[in-house]
Structures are given as C-alpha cells and as structure tokens.
1. If you fit an axis through the alpha-carbon atoms of helix 82-93 and take the longest principal axis of the Cα set of the chain, what angle between them do you get, 0 to 90°, nearest 10?
2. Using 0.36 nm per residue, how much length does the chain from residue 78 to residue 249 gain when fully extended, once their Cα-Cα distance is taken away?
3. Between 0 and 90 degrees, rounded to the nearest ten: what's the tilt of helix 13-24 against the longest Cα principal axis of the chain?
4. Give, in nm to one decimal, the length gained when the segment between residue 150 and residue 188 is fully stretched (0.36 nm per residue of separation minus the Cα-Cα distance).
5. Take the chain, drop everything but the C-alpha atoms, weight them equally and run the Debye formula without solvent; then report log10 I(q)/I(0) at 0.07, 0.15 Å⁻¹ to two decimals.
6. Test of understanding: what is the full-extension gain from residue 171 to residue 206, defined as 0.36 nm times their sequence separation minus their Cα-Cα distance?
7. For labels at residue 99 and residue 68 in the simple 7 Å Cα→Cβ model, what's the distance in nm?
8. Compute the relative contact order of the chain as a whole-number percentage, counting only Cα pairs closer than 8 Å that sit 6 or more residues apart in sequence.
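What follows is calculated from the coordinates using simple rules that are stated; it is not laboratory data. If you're wondering where the values come from, they're calculated on a predicted model, not measured in any experiment. Glycine gets a Cβ as well: all are built from the backbone with ideal geometry, and neighbour counts include every protein chain shown.
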C-alpha cells in the first residue's frame, strides 16, 4: 500500500508539489509535461531548482515516475498511488463530524516485542488517521474510521493481533469531554485549525466570488496544502466533547466555501497551463 505522506512541512516545496500532484494530475490524464509542472509550481512561488529537488524527494515514495511522451519529458502518476489519493479525497474534501449518537470504535492490540517495529508503525498510522490513545495497546476513534483501521491492520499483517469493539457510550470518572481530552491532544489539533485560519483566512475572504484563474489556483493550492493534514489528525468529535471556542467551527466552513468558490477558476488555470485536461474537481 502506498501511504499518505504526512511528513512534509506544509508550505515547503515538497509538500506543495505533492498537493499539486494529488489534486491535478488525475484530472489531466495522469501525466504532465515537466515544463507545465514547473509552471504550476512557479505559480505557488516555488522555483525550478527547488521543484527539481522536491521531485527527487517525492519520486521514491511511489507517487510519480518520469515518462517521456512524444519527445517531451514529463511525469506519470503511478497507478498504484490512485487508491491512496482517492482515499485522501474522501477525507480532505468532505470532513466528517461525529454525531452525538454515533458509536465509538475501540482498537485493542498486542504485538510481541520482537515485532516492535510493526508496533511502532501501527501506533503511528492509527495516530495519522485520527485515533486517540486510551492506554497502552488501546486506541479509540469514531465508528466511521473502523474500516480504515481494518485496512491498516490488514496491511501490516496484524489483524490476528487485534480486536475491534463498538461502544455506545463512555463511562468512568469525569465527564466524557474530560475523558476525550486525555485521549486526544486537542490543543495540538486546535493549533492546526488556528494555523490554517491565520495563514489563509484573510486571503480567502478577500478573494471575492469570481477570482482570476491564476489567483484562484495559487490560493487554492496554498490553502489546501495547509488544510490537507487537518482532516486526518482531527477525528471530527461532536460539539459536546469540544471546547466552546473550537477553531474548527470556523476553519471547516471556510475551507468548504473556498472549495466551492475557486475550483472552476483553478481548473481553468490548470487547463490553460497544460493545454487540456478535465476540471480539477474533488471526487
């Protein structure tokens, strides 16, 4: 399985390259000429030398591979990466919110010490899909993440080392909100929402209804690059379990409004640069 890349710092050349590849290449036939890719990266402020360095970092991750077509050097999206990108589309473009009546999924696992490398991978990957930590060997998430948990366990060959439980309520000392605050680092997740608002809020609000295509593309990619990590780490807890001033209440609608308002113009810019392709519309 090719994994979602969460290690690149948002705003870096590597992260912006991955964002452009993830949101554009499938919509222009899965291949892009090198000059066109350099032009798109230049639009978001990344020079050609920095783009080439970023390409060298991204290619070993199994996302892109070089391919020449009709004498033109370019890059092809690796077919095996498409399921990962489609999974990312569902998470990034449609943030989920747990309803008050939704169930919890508890993930209990026991991995022998001789397989501690796998245990580390499991913990890391469960964290990166938004699971909270209840105790050693016990993670929790909303039920709608259960299928992703199963995919991770299967991919690591740890399905036989784990059990999944579905629960309707949380009982124990303290209120459910107090318990949840010990399972997730809500301050860190809230900081991600605040960083998105701080970096892009004013720019998004100033765009207007019909931004010029180049401006729409630049704003969309920069905003998406900061945003795309948030719906992974934020499990989408219900309002009753979150602080009253939760910044996600502002950042999520802002991102969704941006998505609706700029995609046609951003798509037009990609077509202008690449000379064709289909609209850049999330699936």
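1. The angle comes out at about 70 degrees.
2. Working: separation 171, 0.36 × 171 = 61.56 nm, distance 3.63 nm.
Going from the current span to full extension adds 57.9 nm.
3. The helix 13-24 is inclined about 80 degrees to the chain.
4. Values: separation 38, 0.36 × 38 = 13.68 nm, distance 2.59 nm.
Going from the current span to full extension adds 11.1 nm.
5. -0.29, -1.16
6. Details: separation 35, 0.36 × 35 = 12.60 nm, distance 4.63 nm.
Extending this stretch completely gives an extra 8.0 nm.
7. With each label point 7 Å from Cα toward Cβ, the separation is 5.7 nm.
8. Details: 356 pairs, mean separation 72.0, N = 283.
Dividing the mean separation by the residue count of the chain yields 25 percent.
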